Amino acid sequence: MAVIIDGKKIADKILDEIKSKVSKLENKKPSLAVILANDNPSSALYVNSKEKKSKSIGFNSFVYRFDKEVEQGTIKNLIIKLNNDPNINGILLQLPLFNHLDERELIELINPKKDVDGFHPINVGKLNCGLKPYAKCCTPKGIIRLLKEYSIELTGKNALVIGRSNIVGKPVAAMLLNENATVSVAHSKTKNLKEHTLRADIIISATGCAHLIKADMVKKGSVIIDVGIVKKDDGTLLGDVDFENVKNVAGFITPVPGGVGPMTIASLLENTYELYLEQLEN
Ligand code: NAD
């Protein structure tokens, strides 16, 4: 039976540490600005939870909510204002946006030094060059932290990333490469996924396909990180991994919920704090 990786416990530890440091600050507090320009209920929930957690650890949190009439220019002007506001340390553009908005243009407008999600091409480029980005993408950063907290060796291991999105798959693959893993990336056009999963010492699955990964697809003792979140009609959450059966074969496994999810938000607030410190020095 696998060790269950407790993301909630590690995330709480990270947040407690930041809270304690923030309580000792004499000057201004770290400040996070979040822009919400879609009417997706899940995004609204994520944003509310980011706001609540930010405030609970002593940060200032500002949320800018827009309805579907909003124009690209309005959000561009807001980003320019936030870029120039010395009281704002991190800017987060909650994705996805309303369809009529140009996501790339807005991400590229964010000052890379305030790009708390690590999505700006400068930060993506730095990560891929093995340089330190101003901020690292939150979910992948949280995943690497989980692996390290459980002393899981990455050097020379066969790591399979399933999913190639810009927010999870690609950046986590880059981070695993930077940690000296031998990385493969599978996606929706990959043929015979099982051949790949059975070779992997570590699987990071980020597809959003409920229970894609079954017990007969994983190597005994392997490490299974489940990023997927699929909400069923009754409100329960499923991951990409058939947890109940895979946990009998794997060596380590993350649950859904309580695995990667809490680490994403902890990484976001850690990024905000790190950007704050960097901006204090400059
Ligand atoms: P996305 O939809 O942008 O990308 C999904 C990826 O999965 C694509 O690259 C696609 O090629 C691949 N894919 C789809 N079906 C596949 C299949 N059958 N076999 C192999 N690959 C397949 O998704 P995303 O934004 O990266 O998110 C992925 C999942 O992770 C979603 O469920 C999302 O809700 C969840 N997520 C969770 C967190 C968290 O904090 N826990 C953060 C981000 C995303």
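The values are calculated or read from the model by the stated rules, or taken from the named source; none is laboratory data. Quick caveat, the model's predicted, so the values are computed rather than measured. When we count neighbours, we look across all protein chains shown, and the Cβ atoms used for this are built from the backbone with ideal geometry, even at glycine. Remember, those area values only see protein heavy atoms, side chains included, never the ligands or the DNA or RNA. Shrake-Rupley method; radii C 1.70, N 1.55, O 1.52, S 1.80 Å.
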Self-check item: Linear extension gain, M1 paired with L131, 0.36 nm per residue minus alpha-carbon span
Solution: 43.0 nm
Self-check item: Karplus-derived HN-Hα couplings along segment 109-122 (A = 6.51, B = -1.76, C = 1.60, θ = phi - 60°), whole Hz, x at Gly and Pro
Solution: 7, 5, 4, x, 6, 10, 7, 5, 8, x, 9, 5, x, 5
Quiz item: Residue separation times 0.36 nm, minus the C-alpha to C-alpha distance between N245 and E195: what's the value?
Solution: 16.1 nm
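From the mean inverse distance of alpha carbon pairs (Kirkwood) and the Cα radius of gyration, derive Rg over Rh for the chain.
0.97
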Practice problem: Heavy atoms only, probe 1.4 angstrom, no DNA, RNA or ligands counted: give me H211, H120 ranked by accessible area, highest first. | Solution: H211, H120
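Students often check this: by mean Cβ neighbours within 10 Å, which of 202-209, 17-24 ranks highest, and how do the rest follow? Numbers along the way, then the final one.
Working: 202-209: 23.5, 17-24: 13.2.
Sorting 202-209, 17-24 by mean packing, highest first, produces 202-209, 17-24.
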Self-check item: Estimated [θ] at 222 nm from DSSP helical runs (n ≥ 4, -39500 (n - 2.57)) normalised by residues in the chain, nearest 500
Solution: -12500 deg cm²/dmol
Exercise. Beyond 22 Å, what share of the Cα-Cα pairs of segment 147-282 is found? Please give it as a whole percent.
Key: 38
Quiz prompt | Dipole in debye (nearest 20) - the chain, about Cα centre, beta carbon charges: Lys, Arg +1; Asp, Glu -1 | solution = 440
Quiz prompt | Descending principal axes extents, segment 124-210, alpha-carbon based, whole Å | solution = 37, 26, 23
Self-check item: Rounded percent of accessible protein surface that carbon and sulfur make up, the chain, 1.4 Å probe
Solution: 53
Self-check item: Charge dipole of segment 145-282 about the Cα centre (unit charges at C-beta), most positive-ward option of L146, T197, S165
Solution: T197
Practice problem: Give the percent of DSSP beta bridges with both residues in the chain that are antiparallel, rounded to the nearest 5. | Solution: 5
Self-check item: Cβ-Cβ FRET estimate between E26 and F62, R0 fixed at 22 Å, reported to 0.05
Solution: 0.50
Quiz item: Hey, what angle do you get for helix 41-56 against the long axis of the chain, alpha-carbon based, 0 to 90 degrees rounded to 10?
Solution: 70
Quiz prompt | Charge context of V22, other residues only, Cβ under 12 angstrom, K/R +1, D/E -1 | solution = +2
Quiz item: Normalised by the number of residues in the chain, what is the relative contact order in percent for Cα pairs under 8 Å and 6+ residues apart?
Solution: 22
Exercise. Output ³J(HN,Hα) for segment 177-189: one whole-Hz value per residue in order, computed from phi by the Karplus curve 6.51 cos²θ - 1.76 cosθ + 1.60 with θ = phi - 60°, and x for Gly and Pro.
Key: 4, 4, 9, 6, 7, 9, 9, 10, 10, 9, 7, 5, 9
Quiz item: So how much slack lies between V230 and N83, counting 0.36 nm per residue of separation and subtracting their Cα-Cα distance, in nm?
Solution: 49.5 nm
